[in-house]
Amino acid sequence: MRKILAAILALSWLSGIAPGHAAETPQTIRIGFPSLAFSYLPFYVAQEKGLLKKAGFESEYIQMRTGIQPQAVVNGNINFFPSVSTGISAAVSGLPLVVVLNLYNGTPWILVTGKEVGKPQDLIGKNLAISGIRTSPYYFLVAALKKWEIPEKNVALISTGGTASSFAALTSNQVAGAVLTPPFDDKAVSLGFRKFQFLGDLVDIPYVGLVASLDEVKNHRERVRKTIATILEAVSWTRSNRGESVKMIADKCKVTPAEAERTYETMISMLTKDGRLNPKVVRGYMEVLRQERPIPADLDPQKLLDFSMLPTSR
């Protein structure tokens, strides 16, 4: 019997499992993304550099349209999605969602057009690509149309499902313009298109972070906390590894090193230092939403945010 016990102990030692302790089974987390985008680089880093695996996760990144992501989280089909604006919009409509992490201060959306568009009025009667109705590109473009005194009904808004698809629609001449982010804007310029108008400063709209259900926060708080910590670790890695980050952008988005370099600069300049979202931005966005739906005047923006699971050092 002593020989058998000794053999078991030896095998346990060799396999790296302490006696009396079972190997920890990785948890699976699912995150929904609408399409490839540079703003999701921290998520790509977290997965591809093994940071999520180190934290005990098996991660599944699932492509799905932005519009269905909130309900998918509530239903438990996915655990998180990254569009903070979509999360807030769904939350004020009654879905039990909360923003637990914000990654960026500011948004880099820009309207890119063919060179035949020389002035705003040239857009009248044209097809314009956006990721989806009531997404950030939609609200920014509507704000621009209002500024130019062009009724929304005078253009045709084409929902593509994501920025990469909007870029494809533009460069295949299916649309006269598209609302894009880096590196797709520079890539379009290299193909003969033009940056017609920067849109990111027209309205207060949050960008990318992490949105979860209230059920996830209540019943799986440690999972949420570890996910947040891992994404923030990926942000730190991205800041510290410029060369590898630029190469990842170039490889994923199929752009030149110079285009990827400019995209990296844009991203680094917008990344938050503490993972929080200014309630002022939320209030501004709620005013945008009030233009199309009733929202109680006394709704506290803080109820849509829960940053209690951010690392305490931040």
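At pLDDT below 95 and assigned to a loop (DSSP other than H, G, I, E, B): which single residue out of G125, G94 fits that description?
From the options G125, G94, the qualifying one is G94.
Just a yes or no: is a residue in segment 198-218 without any contact (Cβ under 8 Å) to a residue 12 or more places away in the chain, assigned to a helix (DSSP H, G or I) and over 19 Å from E116 (Cβ atoms)?
yes
Can you tell me which residues in segment 293-311 are free of Cβ contacts under 8 Å to residues at least 60 places away in the same chain and over 23 Å from the mean Cα position of the chain (by Cα)?
P294, P296, A297, D298, D300
Which members of segment 245-273 meet the condition of being exposed (fewer than 13 other Cβ atoms within 10 Å of the Cβ) and over 19 Å from D186 (Cβ atoms)?
K273
If I filter segment 92-112 for residues that are free of Cβ contacts under 8 Å to residues at least 24 places away in the same chain and either closer than 30 Å to A169 by Cα or in contact with a Ser or Thr (Cβ under 8 Å, 6 or more places away or on another chain) (or both), do I get at least one hit?
No, there is no match, as no residue in segment 92-112 is free of Cβ contacts under 8 Å to residues at least 24 places away in the same chain and either closer than 30 Å to A169 by Cα or in contact with a Ser or Thr (Cβ under 8 Å, 6 or more places away or on another chain) (or both).
Mind telling me which of the residues S59, S85, S136, S93 ends up being buried (at least 24 other Cβ atoms within 10 Å of the Cβ), small (G, A, S) and either farther than 20 Å from F307 by Cβ or outside the structural domain of T272 (by TED's automatic domain parsing) (or both)?
Exactly one of S59, S85, S136, S93 is buried (at least 24 other Cβ atoms within 10 Å of the Cβ), small (G, A, S) and either farther than 20 Å from F307 by Cβ or outside the structural domain of T272 (by TED's automatic domain parsing) (or both), namely S136.
When only residues in segment 182-206 that are surrounded by 24 or more Cβ atoms within 10 Å (Cβ to Cβ) and within 28 Å of D306 (Cβ to Cβ) count, which is farthest from the chain's Cα centre (by Cα)?
So the residue we want is I205.
Return the residues of segment 36-67 that are over 13 Å from E233 (Cβ atoms), touching a strand residue (DSSP E or B) at 6+ places or on another chain (Cβ under 7 Å) and not in a strand (DSSP E or B); say none if nothing qualifies.
The answer is S39, Y40, G56, M64, T66.
Tally the residues that are within 15 Å of T227 (Cα to Cα) and in contact (Cβ under 8 Å) with a residue 60 or more places away in the chain, restricting the search to segment 55-72.
Qualifying residue count for the region: 3.
Only one of E222, E233, E244, E265 is assigned to a helix (DSSP H, G or I), in contact (Cβ under 8 Å) with a residue 60 or more places away in the chain and in the same structural domain as A91 (by TED's automatic domain parsing). Can you tell me which?
E233
Return the residue satisfying two criteria in turn: it lies in segment 172-205 and is at pLDDT 95 or above and not hydrophobic (A, V, I, L, M, F, W, C), and of such residues it is nearest to L41 (Cα to Cα).
Here the answer is K195.
Taking segment 62-80 as the region of interest, how many residues are more than 13 Å from the chain's Cα centre (by Cα), buried (at least 17 other Cβ atoms within 10 Å of the Cβ) and polar (S, T, N, Q)?
Number of matching residues: 1.
Checking K153 against (1) surrounded by 15 or more Cβ atoms within 10 Å (Cβ to Cβ); (2) part of a helix (DSSP H, G or I); (3) among the basic types (K, R), which test does it fail?
(1)
Going by the structure shown, is S313 loosely packed, with under 14 Cβ neighbours inside 10 Å, at pLDDT 95 or above, of a type in the set (S, T, N, Q) and in a loop (DSSP other than H, G, I, E, B)?
Here the answer is no, as S313 does not meet what is asked.
The values are calculated or read from the model by the stated rules, or taken from the named source; none is laboratory data. Given the structure is predicted, the values throughout are model-derived calculations rather than measurements. Counting neighbours? That spans all protein chains shown, and the Cβs are built from the backbone with ideal geometry, glycine included.
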